[in-house]
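Let me begin by presenting the structure, written as structure tokens, before commenting on it.
The values are calculated or read from the model by the stated rules, or taken from the named source; none is laboratory data. Since the structure is predicted, the reported quantities are computational estimates derived from the model, not experimental observations. In this analysis, Cβ positions are derived from the backbone assuming ideal geometry, glycine residues included, and neighbour counts consider all displayed protein chains. What goes into the accessible areas is simple: the full protein's heavy atoms, side chains included, and nothing from ligands, DNA or RNA. Shrake-Rupley method; radii C 1.70, N 1.55, O 1.52, S 1.80 Å.
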Amino acid sequence: MIQSSSNPLHHLITLEGLSKIQLFDILDLAESLHKNPENLSKYQSKIAAHHVMVSLFFEPSTRTRLSFELAAKRCGINTLIFDSDTASTQKGECLLDTFQTLEAMGCTLFVVRHAEAGIVATLANHAQSQTVLINAGDGDRAHPTQGLLDAYTIRQHKGSDFTQRSVLIVGDIIHSRVAQSNLHALRTLGVPDIRFCGPSSLLPKSNIEGVRLFDSLDEALKDVDVIMTLRVQKERFVDQTAIPNEQTYAKHFGLTAQRLKHAEPNALVMHPGPINRGVEIESEVADGAQSVILQQVNNGVYVRMAVMLKLLCS
Ligand code: CP
């Protein structure tokens, strides 16, 4: 297994296969850094001075890239900016050559986002022993730090007993690495009621163990206490007619204040961002009292600090 030969983790490629203890270890460290910022100094002194982080992003990002950079700065890790628009990949250099070039310069921590599923695992197979890789989203495969920050946010509001949770993920499930990583985390943490809802063209074609599929949002919302809405990722559509149009999609699968009444009264409303307001969620709900969307963003910084510290200090 490339991710971790055993405990401790070496890279973070996916949440699949991580134990409940490993997940809670990261969430606990993030919480400790969040509640007691002075705890950071214990770890900062353990990070070797030579570490340099580079964010290799080949897809757009606001939250993930900048929160990794902020997290690295807070941890005292040097960072390098890589701009895929002006890099030599534009002249035909392949990703592996770019990666090994940066390793040769002394970069040791790579945060990678790319459209190709599995690419971060491939880089890990070619990495030098001191190199650490974090997957910041590979195609539709995985977005592990998003899964972790979502679990952190659920725990922050609903407590540590995930066996009491009922979680609905709504929208473009088949193209969503966020849905994948959340599924891996929620299962491992013991959530007994996981639901996916969306148009049949955006739902998995076959049943997934432990997940109930719904094509009616009103039905799917009944009694859930966590609702994760997802962006429709048209950039990943093979068939551009997978949804008729955004208005029709919003009519059937958009989360409105009226629909939200079907869920538990204190249900959390989540979204990984970026939001298409008025499509998967209306502004009244995205900005409403039950929304924790900006808290997800804030929590992401602490979770990413915790991930980096776990990988670099273990
Ligand atoms: N949630 C998320 O990955 O957002 P960005 O694409 O802005 O990084």
Inset, instruction - Scan around V52 for amide H atoms under 5 Å from its own, H built in the peptide plane at 1.01 Å from N, and keep only partners 5 or more places away or cross-chain. - result: T108, L109
Legend entry - 3J(HN,Hα) from dihedral phi, segment 123-136, Karplus parametrisation 6.51/-1.76/1.60, rounded to Hz, x for glycine, proline: 4, 4, 5, 9, 6, 5, 4, 7, 7, 10, 10, 10, 7, 9
Legend entry - Ratio of the Cα radius of gyration of segment 227-314 to 2.2 N^0.38 Å, where N counts its residues: 1.34
Legend entry - Förster radius 51 Å - calculated FRET efficiency between S129 and T163 (Cβ-Cβ, nearest 0.05): 0.85
Legend entry - Positive minus negative residues near Q146 (Lys, Arg vs Asp, Glu; Cβ under 9 Å): +1
Inset, instruction - Using Cα pairs closer than 8 Å and at least 6 residues apart in sequence, work out the relative contact order for segment 153-286, in percent. - result: 27 percent
Inset, instruction - Starting from the Cα gyration tensor of segment 147-260, multiply each eigenvalue by 5, take the square root, and state the resulting semi-axes largest first in whole Å. - result: 24, 15, 13
Inset, instruction - Only Cα pairs under 8 Å and at least 6 apart count here; give the relative contact order of segment 43-104 as a rounded whole percent. - result: 35 percent
Legend entry - Where N is the number of residues in segment 137-176, Cα Rg divided by 2.2 N^0.38 Å: 1.33
Legend entry - Sequence-distant residues sharing a close amide H with A136 (under 5 Å, placed H): V112, R113
Legend entry - E264 versus D287: modelled label distance in nm, points set 7 Å from Cα along the beta carbon direction: 2.8 nm
Inset, instruction - Give the long-range amide H neighbours of L255: residues separated by 5 or more places, or on another chain, with amide H under 5 Å away, using H modelled in the peptide plane at 1.01 Å from N. - result: I281, E282
Legend entry - Antiparallel DSSP beta bridges within the chain, percent to nearest 5: 5 percent
Legend entry - Cα-only radius of gyration and Dmax that characterise segment 52-208, units Å: 17.5, 53
Inset, instruction - First measure r as the distance between the Cβ atoms of H50 and A117, then evaluate 1/(1 + (r/R0)^6) with R0 = 30 Å and state the FRET efficiency to the nearest 0.05. - result: 0.45
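What net charge do the residues around S55 carry, taking every other residue with its C-beta under 9 Å from that of S55, with Lys and Arg at +1 and Asp and Glu at -1?
Counting the neighbours of S55, the net charge comes to +1.
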Inset, instruction - State the percentage of accessible surface on the chain attributable to carbon and sulfur atoms; use a 1.4 Å probe and exclude ligands, DNA and RNA. - result: 49 percent
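Output the relative contact order of segment 114-169, whole-number percent, from Cα pairs under 8 angstrom with separation of 6+ residues.
Contact order relative to length: 29 percent.
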Inset, instruction - Find me the longest stretch of the chain that has none of the exposed GluC sites (Glu not before Pro), where exposed means in a DSSP loop (not H, G, I, E or B) with at most 15 other Cβ atoms within 10 Å. - result: 210-314
Legend entry - Q233-K42 FRET efficiency (beta carbon distance; Förster radius 45 Å; 0.05 resolution): 0.70
Legend entry - Rounded accessible area per residue of the chain, 1.4 Å, Å²: 43 Å²
Inset, instruction - Please compute the Cα-Cα pair-distance distribution of segment 1-78 with 10 Å bins starting at 0, giving whole percents from short to long. - result: 14, 39, 43, 4
Inset, instruction - Using only Cα atoms, tell me the angle between helix 144-158 and the longest principal axis of the chain; keep it within 0 to 90° and round to the nearest 10. - result: 60 degrees
Legend entry - Label-point separation, K91 to S32 (7 Å along Cα→Cβ), nm: 4.6 nm
Legend entry - Bins of 20 Å, starting at 0 and running to the largest distance - Cα pair percent for the chain: 33, 57, 10
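Are there trypsin sites (Lys or Arg not before Pro) in segment 9-48 that DSSP marks as loop and that have at most 16 other Cβ atoms within 10 Å, and which are they? Spell out each step's value before the answer.
Working: sites: K20, K35, K42, K46; in loops: K46.
Loop-located and lightly packed - K46.
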